1. Any idea which residue in segment 123-145 is least open to solvent (accessible area, probe 1.4 Å), counting only those that are over 20 Å from Asp201 (Cβ atoms) and not aliphatic (A, V, I, L, M)?
2. Which residue out of Glu329, Glu341, Glu307, Glu353 is closer than 21 Å to Gln213 by Cα, open to solvent by 60 Å² or more (accessible area, probe 1.4 Å) and either touching a residue at least 60 places away in the same chain (Cβ under 8 Å) or under 22 Å from the mean Cα position of the chain (by Cα) (or both)?
3. Could you grab me the full set of residues in segment 255-298 that are over 21 Å from Leu343 (Cα atoms) and of a type in the set (Val, Ile, Thr)?
4. Looking at segment 117-228, what helices (runs of 4 or more DSSP H) fall wholly within it and have at least 2 residues that are free of Cβ contacts under 8 Å to residues at least 24 places away in the same chain?
5. Just checking, does segment 253-265 include any residue being under 25 Å from the mean Cα position of the chain (by Cα) and not in a loop (DSSP other than H, G, I, E, B)?
6. Six or more apart or on different chains, Cβ atoms under 8 Å: show the pairs whose first residue is in segment 260-279 and within 12 Å of Arg291 (Cβ to Cβ) and touching a residue at least 60 places away in the same chain (Cβ under 8 Å) and whose second is of a type in the set (Gly, Ala, Ser) and open to solvent by 10 Å² or more (accessible area, probe 1.4 Å).
7. Tell me which residues, restricted to segment 27-42, are open to solvent by less than 10 Å² (accessible area, probe 1.4 Å) and not in a helix (DSSP H, G or I).
8. Which one of the conditions (1) within 29 Å of the chain's Cα centre (by Cα); (2) farther than 29 Å from Leu207 by Cα does Ser334 fail to meet, given that it meets all the rest?
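The values are calculated or read from the model by the stated rules, or taken from the named source; none is laboratory data. No experiment lies behind these values; they were computed from the predicted model shown. Cβ placement follows ideal geometry from the backbone for every residue including glycine, while neighbour counts extend to all protein chains displayed. Heads up: the accessible areas ignore ligands, DNA and RNA and are worked out on the full protein's heavy atoms, side chains in. Shrake-Rupley method; radii C 1.70, N 1.55, O 1.52, S 1.80 Å.
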Amino acid sequence: MRLAAGRRVIAVVKADAYGHGAAPVATALVAAGCNGLATWSVGEAVALRDAGITAPLLVLAGARDAGEADEVVARELTAVLHDPQGSALLAAAARRRGGAKVSVHVEIDTGMSRMGVPLTDAESFLARVAGDPALALAGVMTHFARADEPDLAPTRAQLHAFADVVAGLHRRGVPPGRVHAANSAGLVALAELAAEPPRQDAVRPGLLLYGAQPSADRPCALRPVMSLRAPVVALRRVRRGEAVGYAALYRARADTRIATLALGYADGVPISASGRGSVWLAGARRPIAGRVSMDYVGVEVGDAAVEIGDAAIVFGSETAGGPAVLPVEEAAASAGTISYELLVRVGARVRRELHGV
């Protein structure tokens, strides 16, 4: 909230709230003062409505067929428009339900080159949306592609292009509704971007909400929301030169002990962490020994005081709300990936425990 500096906060809870559990996280975020929530799909938004979430819900992907468009109208969702097909689907759904207007935001592609209305079509597209009696233009947005980088020049260029679109709406006398661009990385850079037009009255944090750093160059004081733990289920001694795991990728350099953890790539530990990653166990980082398998991970512990039943931390903190002993960013880097992927890939068979929610 402090970083938002008075702007409305649209909290992104897509992908099951980045693997944390969409319904309880949504409830906690609304209670903390977030003004609305954003999902990727209509299905994610419908699941939140079914869980009793009544807060405003923004569907970032919009409606992709008539059934989804009907759900948008029936569940009082707000859909993001990216193209004429999406606006036609929603307008038709509104007419089917007696002519009630459906609330929409329009995404303008200012450089991400992924989704959104191209800049060359933005003025005419927005004019059509504003003039459609079945649609209510409630917001205009864009999405940053490089706000996590040291050099903010590409982000400033996106903002200037976006500002031209918003200014064009004002010249036509069309209220743009909510104007928003800043994702998590943009939010932590907002102080450096504050002088750039247009004036944003909303922000869309995602990763930042879950205690992970959106930019290595602009670190924030954060505590991890998720910690991934695995129990030690076996301990065995191996002699120098003996192999551990599939394909004998690991061979002991000296007599040692291997702790087997009940967690594998089916649970979200990347196979790319094999021989590269580590876990926190018995007060120190212990290297992953051999290939990560579907259900187990081997860890070299030597003569450390490790017993069957002890909990290893794959990433996160030792206690709920405590500091990270193995930050998710570091766990991701050792596996050659990013923190987003580690968070969202935690498997369904991993038991969840909620604290302070």
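1. Only one residue fits best here, namely Phe125.
2. On the way: Glu329 fails: open to solvent by 60 Å² or more (accessible area, probe 1.4 Å); Glu307 fails: closer than 21 Å to Gln213 by Cα; Glu353 fails: closer than 21 Å to Gln213 by Cα.
The conditions single out Glu341.
3. Passing the criteria: Thr256, Ile258, Thr260.
4. Hits in segment 117-228: 119-131, 153-171.
5. From segment 253-265, those under 25 Å from the mean Cα position of the chain (by Cα) are 263-265; that's our starting set.
Then keep just the ones that are not in a loop (DSSP other than H, G, I, E, B); that gives 265.
So far as segment 253-265 goes, yes, one or more of its residues are under 25 Å from the mean Cα position of the chain (by Cα) and not in a loop (DSSP other than H, G, I, E, B).
6. If the second residue must be of a type in the set (Gly, Ala, Ser) and open to solvent by 10 Å² or more (accessible area, probe 1.4 Å), the pairs left are Pro270/Gly336; Ser272/Gly336; Ala273/Ala331; Ala273/Ser334; Arg276/Ser334; Arg276/Gly336.
7. Listed by number, the residues that qualify are Gly36, Leu37, Ala38, Thr39.
8. The single condition Ser334 does not satisfy is (2).
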